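The values are calculated or read from the model by the stated rules, or taken from the named source; none is laboratory data. Note that the coordinates shown come from a computational prediction; the quantities given were computed from them, not determined experimentally. In this analysis, Cβ positions are derived from the backbone assuming ideal geometry, glycine residues included, and neighbour counts consider all displayed protein chains. Areas reflect the complete protein model, heavy atoms only, side chains present, ligands, DNA and RNA absent. Shrake-Rupley method; radii C 1.70, N 1.55, O 1.52, S 1.80 Å.
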Amino acid sequence: MPRIILISLLVLLAPTLIYLAVAYIVKKGDDADGILSRAPLLTLFLLGFVMMIGGLAYFIELERKGTPGQTYYPPQFKDGVLTPGRSE
């Protein structure tokens, strides 16, 4: 779970980080004052949010197993042995 949260936060911040890096490189570092104040932060945040939701939907779809109408039985311990989750 922490891995998914960290990846989601990275994807959320990626457009802003890329924008700031490119703006800093283009300004050659010395005239880079005020890059953050002139950045379109709302647009960058919304783009990151859309990317994050798209990525989460993609991973949810990848991890879904079974077909409609099947019953999912979660993992459980039986006689000290962990039986994996299954769909029947």
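Rolled with a 1.4 Å probe across the full set of protein chains, the surface gives PHE77 an accessible area near 150 Å².
Ignoring everything except DSSP H segments at least 4 long, calculate the 222 nm mean residue ellipticity for the chain; use -39,500 (n - 2.57) per segment, divide by total residues, nearest 500. Mind dumping the intermediate values first?
On the way: 3 runs with 52 residues, N = 88.
After summing the helix terms and dividing by residue count, I get -20000 deg cm²/dmol.
Approximating the spin labels as points 7 Å out from Cα along Cα→Cβ, the ARG86-to-LEU9 distance works out to 3.9 nm. The amide H of ALA39, built 1.01 Å from its N in the peptide plane, has no neighbour under 5 Å, considering only residues 5 or more places off or on other chains.
Placing one equal scatterer on every Cα of the chain and applying the Debye formula, the log10 ratio I(q)/I(0) at q = 0.16, 0.19, 0.26 Å⁻¹ is -0.79, -0.94, -1.16.
Solvent-accessible area of ILE7, all protein chains in place: 80 Å² (probe radius 1.4 Å, heavy atoms, ligands and nucleic acids excluded). For region 16-88, the relative contact order works out to 20 percent when only alpha carbon pairs closer than 8 Å and six or more residues apart are counted.
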